[in-house]
Structures are given as C-alpha cells and as structure tokens.
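The values are calculated or read from the model by the stated rules, or taken from the named source; none is laboratory data. The structure presented is a predicted model; accordingly, all values stated were derived computationally and were not measured. All Cβ positions, even for glycine, are placed from backbone atoms using ideal geometry, and neighbour counts span all protein chains on display.
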Number of protein chains: 2
Amino acid sequence: MVEWFDDLKVGMRFKSAALTVSKDDIIRFATEYDPQPYHLDDEAAKKTMLGGLAASGWHTAAIAMRLATDARPFGPHPLLGAGVDDLRWLLPVRPGDTLYLEGVVTELVPSRSKPQGIARVKWTAYNQKGEAVYTFNPIAIVPSRPK
Amino acid sequence: MVEWFDDLKVGMRFKSAALTVSKDDIIRFATEYDPQPYHLDDEAAKKTMLGGLAASGWHTAAIAMRLATDARPFGPHPLLGAGVDDLRWLLPVRPGDTLYLEGVVTELVPSRSKPQGIARVKWTAYNQKGEAVYTFNPIAIVPSRPK
C-alpha cells in the first residue's frame, strides 16, 4: 500500500473510477470559464473544427483532476502539484462520454533538502470506447516517510 | 489588428481584463473537481503546505482560460488548443485575489499542409500585487488568411 514517497516505484499503475459528462455540465463549465461556440451550442459547434459540441479542454482537465484525487495514488496524502508537463487534448470529449483515468509512475526524484520527493505520474484519460482523449504529467510533491 | 495567423508577430503582447476570485468560487470549484483540504476549508487549509485556503490549480487554469478568451489574441477566431506546455503554479491564489493575464507571442509555425498555423503565446497570470501566480504556453491553432 502506498503511504509515503518511499513506497512509490517506477512502473506502478493506478486506475480511477469513471465519470460521465453531461451536456449540461459541458455548457455550465464553458459558460463560466470558456465561453466559445465549440462548448456552448450544438448548432454553432457543428460549424467548427470540432464538428459538434465538446467539453472545454479545461473542463476535461478538471474532471481528470477529480478522477485522480479519487484514485488516491499517494495514499493518505493529497495531490499537490507545482505544474504540469505534456498536457495534450487528443480527442474531443462529447456529451454523455464516460471518462476514466489510468496513471503510471514514470520518475521519482527525492528532494535533497526536504523530507519529500517529486513523483511524476503520466495520466491518460480514456472514454467509454477505450480511446485516449487527454493526457498530462503533473509534478507532484509527496512527503517522505518520517525517519 | 489581428485577424488571421498571418497578422501575428513574435513579441506581440496581449493583456486581459481582471477577474476577482471569491471564497465561494474557490469552494464551489473544488467541491466539484478538486475536493482536497487546501481548497475546501479555512481551518484544514491552514495545516497544509499552502498555509491557508487557496484555489485549486485547475480553477486558476480555468480562470486564466476565461481571461484569455476575453483578451481575443486571435481577433475573431476562437482559441483552440492541442495542448499546453510549461504549465506552472507559482503562488497560491487566495480568496479575494484579482487576477489578470499578460501574453507574449513566442513562436509562430505555419502549417505545411493546412491553411493555418501554430501560435505559441506564453501567458502569465498576475495577482493584484503584481505577483506572477500562474503561467502556461498553449499550442494554439489559428487559421491563415484565405488566399
């Protein structure tokens, strides 16, 4: 069981629960944070490069964060990130899509000065067809086991 | 005035309007997308590395997207991103903070096959004290002027 930075190993895998995104969710998020035609209106969205209503990429990112927190990759420790690399939106997320997240530990760097380390987990969100729709690699700070 | 990819120049700068983040906003976003103690409860947040209630980093990211859409860096064209590099949370965003965004065009790569290009804008969000709190560099697709 993962409890501290020391318990993580490169190659360790995580899988989240699933979450379904409704059309109402997509429009509500976009109205507040990303009010563009792709995300607000079926007819207007059809005329865009996305070819129909799709979630804001930042909505997908927020949902993925929710799935990651629920997956508890660092056991009792919350997720705290200094940043994210390689954030990519791979496919549109459509109304009714059900997303889940898989993660793999790619790098572990203990701090030289603090009782913690940087854990890199490459997370990928998949839809109900098993298509990868989104990926991101946060810089997570995880406490080390007290000596 | 920027209307098409061809009108953008490296070094061109943008500045957004400002937006104030309330405690209620922070808790509402976090409850749905990032339910961790830093973002939900004053007393619990004081005991964390963030030293008090702070917005979810993904909330800051969503607010920055809203500010970027309002800044209309690509004139009439909406913002469409394939991904983001160098996303970094630099300082906590606190209840009552007022954020604005500045952007600078860092790279412009015309597509070889499509009438469009990739515009890289390095965006930085500042608070009311002028402190940089967040930065990100999206991969934006912008249509070229029809020939």
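Restricting attention to segment A:32-64, which residues are β-branched (Val, Ile, Thr) and either more than 10 Å from every other protein chain (Cβ to nearest Cβ) or not in a helix (DSSP H, G or I) (or both)?
Answer for segment A:32-64, where residues must be β-branched (Val, Ile, Thr) and either more than 10 Å from every other protein chain (Cβ to nearest Cβ) or not in a helix (DSSP H, G or I) (or both): A:THR48, A:THR60.
Would you call A:SER16 at pLDDT 90 or above, of a type in the set (Ser, Thr, Tyr), within 22 Å of A:TYR126 (Cα to Cα) and in contact with an Asp or Glu (Cβ under 7 Å, 6 or more places away or on another chain)?
Working: at pLDDT 90 or above: yes; of a type in the set (Ser, Thr, Tyr): yes; within 22 Å of A:TYR126 (Cα to Cα): yes; in contact with an Asp or Glu (Cβ under 7 Å, 6 or more places away or on another chain): yes.
Yes.
Is it the case that B:ASP86 is assigned to a strand (DSSP E or B), acidic (Asp, Glu), without any contact (Cβ under 8 Å) to a residue 60 or more places away in the chain and more than 27 Å from B:ASP42 (Cα to Cα)?
Values: assigned to a strand (DSSP E or B): yes; acidic (Asp, Glu): yes; without any contact (Cβ under 8 Å) to a residue 60 or more places away in the chain: yes; more than 27 Å from B:ASP42 (Cα to Cα): yes.
It is true that B:ASP86 is assigned to a strand (DSSP E or B), acidic (Asp, Glu), without any contact (Cβ under 8 Å) to a residue 60 or more places away in the chain and more than 27 Å from B:ASP42 (Cα to Cα).
Which numbered condition in (1) in contact (Cβ under 8 Å) with a residue 12 or more places away in the chain; (2) exposed (fewer than 13 other Cβ atoms within 10 Å of the Cβ); (3) farther than 22 Å from B:LEU50 by Cβ is the only one that A:ASP24 fails?
Unmet condition: (1).
Can you pull out the residues in segment A:72-82 that are closer than 18 Å to A:ALA125 by Cα and in contact with a Lys or Arg (Cβ under 7 Å, 6 or more places away or on another chain)?
Correct list: empty.
In segment B:1-33, what count of residues is obtained for those that are within 18 Å of the chain's Cα centre (by Cα), under 30 Å from B:ILE118 (Cβ atoms) and among the charged types (D, E, K, R)?
Counting residues in segment B:1-33 that are within 18 Å of the chain's Cα centre (by Cα), under 30 Å from B:ILE118 (Cβ atoms) and among the charged types (D, E, K, R) gives 2.
Restrict the check to segment B:92-103 and report whether at least one residue is surrounded by fewer than 19 Cβ atoms within 10 Å (Cβ to Cβ) and either among the charged types (D, E, K, R) or within 11 Å of chain A (Cβ to nearest Cβ) (or both). Write out each step before concluding.
Filtering segment B:92-103 for residues surrounded by fewer than 19 Cβ atoms within 10 Å (Cβ to Cβ) gives B:94-96, B:98, B:100, B:102.
If we keep only those that are either among the charged types (D, E, K, R) or within 11 Å of chain A (Cβ to nearest Cβ) (or both) as well, we get B:94, B:102.
Within segment B:92-103, one or more residues are surrounded by fewer than 19 Cβ atoms within 10 Å (Cβ to Cβ) and either among the charged types (D, E, K, R) or within 11 Å of chain A (Cβ to nearest Cβ) (or both).
Under 7 Å between Cβ atoms, which residue pairs at least 6 apart in sequence (or on different chains) link something in segment B:59-76 that is surrounded by fewer than 18 Cβ atoms within 10 Å (Cβ to Cβ) with a partner that is hydroxyl-bearing (Ser, Thr, Tyr)?
Pairs that qualify, where the first residue is surrounded by fewer than 18 Cβ atoms within 10 Å (Cβ to Cβ) and the partner is hydroxyl-bearing (Ser, Thr, Tyr), are B:ASP70/B:SER16.
Quick check on B:ASP6: is it surrounded by fewer than 17 Cβ atoms within 10 Å (Cβ to Cβ), part of a helix (DSSP H, G or I) and out of contact with any helix residue (DSSP H, G or I) (no Cβ under 9 Å at 6 or more places or on another chain)?
Yes: the conditions hold for B:ASP6.
Which residue, of B:LEU87, B:LEU19, B:LEU80, is crowded, with 22+ Cβ neighbours inside 10 Å and either more than 13 Å from chain A (Cβ to nearest Cβ) or closer than 24 Å to A:THR31 by Cβ (or both)?
On inspection, the qualifying residue turns out to be B:LEU87.
Answer with yes or no whether A:PRO138 is out of contact with any Ser or Thr (no Cβ under 8 Å at 6 or more places or on another chain) and within 13 Å of chain B (Cβ to nearest Cβ). It would help to see each step written out before you state the result.
Values: out of contact with any Ser or Thr (no Cβ under 8 Å at 6 or more places or on another chain): yes; within 13 Å of chain B (Cβ to nearest Cβ): yes.
Spelling it out, A:PRO138 is indeed out of contact with any Ser or Thr (no Cβ under 8 Å at 6 or more places or on another chain) and within 13 Å of chain B (Cβ to nearest Cβ).
Out of all the residues in segment B:38-57, is one or more touching a Gly at 6+ places or on another chain (Cβ under 8 Å), at pLDDT below 95 and of a type in the set (Lys, Arg)?
If we filter segment B:38-57 for residues that are touching a Gly at 6+ places or on another chain (Cβ under 8 Å), which is where we start, we get B:42, B:45-46, B:57.
Pick out the ones that are also at pLDDT below 95 and you get B:42, B:45-46.
Okay, now just the ones that are also of a type in the set (Lys, Arg), so B:46.
Within segment B:38-57, one or more residues are touching a Gly at 6+ places or on another chain (Cβ under 8 Å), at pLDDT below 95 and of a type in the set (Lys, Arg).
Taking segment B:37-53 as the region of interest, how many residues are under 23 Å from A:ALA30 (Cα atoms) and surrounded by fewer than 23 Cβ atoms within 10 Å (Cβ to Cβ)? Break it down into steps so the answer makes sense when it comes.
Of segment B:37-53, the ones under 23 Å from A:ALA30 (Cα atoms) are B:39-40.
Within this subset, residues satisfying the condition of being surrounded by fewer than 23 Cβ atoms within 10 Å (Cβ to Cβ) are B:40.
Residues flagged as under 23 Å from A:ALA30 (Cα atoms) and surrounded by fewer than 23 Cβ atoms within 10 Å (Cβ to Cβ) within segment B:37-53 amount to 1.
Return a yes/no flag: does segment B:1-14 have any residue that is of a type in the set (Lys, Arg) and more than 10 Å from chain A (Cβ to nearest Cβ). Show your work before the answer.
At the first step, the residues of segment B:1-14 found to be of a type in the set (Lys, Arg) are B:9, B:13.
With the extra rule that they be more than 10 Å from chain A (Cβ to nearest Cβ), the set shrinks to B:9, B:13.
Scanning segment B:1-14 turns up at least one residue that is of a type in the set (Lys, Arg) and more than 10 Å from chain A (Cβ to nearest Cβ).
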